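Working notes for the structure below.
The values are calculated or read from the model by the stated rules, or taken from the named source; none is laboratory data. Since this is a predicted model, take the numbers as computed values, not measurements. Because the Cβ atoms are built from the backbone with ideal geometry, glycine has one as well, and the counts that use them run over all protein chains shown.
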Amino acid sequence: MDDRSGMRTRFALVFAGTLLAAWSFVVSCGGGAPTESPQASRPSPSVELVVSAASDLSPVLAELGPLLKESAGITFAANLGSTGQLMEQIVAGARVDVFLAASSTAVEQLDDKGLLVPGSARLYARGRLVMWTREDAGLKVDTIADLAGPDVKRISIANPDHAPYGEAAREALESAGLWDRLQDKIVPAENVRQAFQFAESGNVDVGLVALSLVATGGGTYTLVSEELYGPIHQTLAIIATSTHQEQAAQFVAFLTGSRGREILLKHGFVLPEED
């Protein structure tokens, strides 16, 4: 069995054990009573948006939810997963109002299928890839070449076949001439959030994960040079079948407005005009 066949087998094994959890992980955002504001345009209290979001956005959405409800009376449920799997759910007809992808390609593919509100697609941030380790790991990982060292036994990455951060991790390792050498060390995850959880739990030594998942937490991280992988263009759109397009547009306006931008910056994202 060659390296790539072995890699596909390991991905398949993890996929079988984690698919249900990865696809059904839904977190409700926006608890608490809204503050009355005569300027706020308030949807019906029964309206709750469904936001399908790349899993690197989990800390952003957790912080954004209460603020959005307080300012505009909008609540949402966030369906977190890999961009590729979320896209497949939308194509299959899943109820989604807003899609927050970690890839411009996924949004373009949905647009080509006529599944988006025309003109709603827009770039909202650029993601960064990091190498993360626990503080108690005692590892020195300053450059990507250090991953080949004997002290690094296991490395988690998201599945590069459908997760943009996994694709970026593979591309970075290939650019550094390490992909083939590190096959025995790589532990696959269904999405970048799970890759971080593998590292956070100590099941792997290093996680190649999104900066947004670790920027405000513990552990130590080193940015992977962006010269080693293509830009992670995080792109959003409103789904054409949404029956709450007005509220979906308000959600997008909040995320891309001053408060949303502050949250994105706090969690390590690069805003479009900063490129």
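Structure above, values below:
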item: Hits in region 229-244 - residues which are of a type outside the set (G, A, S) and crowded, with 17+ Cβ neighbours inside 10 Å; result: Y229, I232, H233, Q234, T235, L236, I238, I239, H244
item: Hey, G166 small (G, A, S), under 12 Å from W132 (Cα atoms) and under 15 Å from the mean Cα position of the chain (by Cα) or not; result: no
item: Selection status of A248, in the same structural domain as T83 (by TED's automatic domain parsing) and in a strand (DSSP E or B); result: no
item: Test result for E226, in contact with a Lys or Arg (Cβ under 9 Å, 6 or more places away or on another chain), over 16 Å from L57 (Cβ atoms) and not hydroxyl-bearing (S, T, Y); result: yes
item: Residue that is surrounded by 12 or more Cβ atoms within 10 Å (Cβ to Cβ) and at pLDDT below 95, where the choices are P59, P43, P66, P38; result: P43
item: Selected residue (only one of L86, L100 is crowded, with 17+ Cβ neighbours inside 10 Å, free of Cβ contacts under 8 Å to residues at least 40 places away in the same chain, hydrophobic (A, V, I, L, M, F, W, C) and under 13 Å from A53 (Cα atoms)); result: L86
item: Qualifying strands (runs of 3 or more DSSP E) (wholly inside region 111-221; at least 2 residues being under 30 Å from A240 (Cβ atoms)); result: 122-127
item: The one condition in (1) outside the structural domain of L57 (by TED's automatic domain parsing); (2) in contact (Cβ under 8 Å) with a residue 24 or more places away in the chain that S201 fails to fulfil; result: (2)
item: Test result for S225, at pLDDT 95 or above, over 16 Å from the mean Cα position of the chain (by Cα), of a type in the set (G, A, S) and within 30 Å of R134 (Cβ to Cβ); result: yes
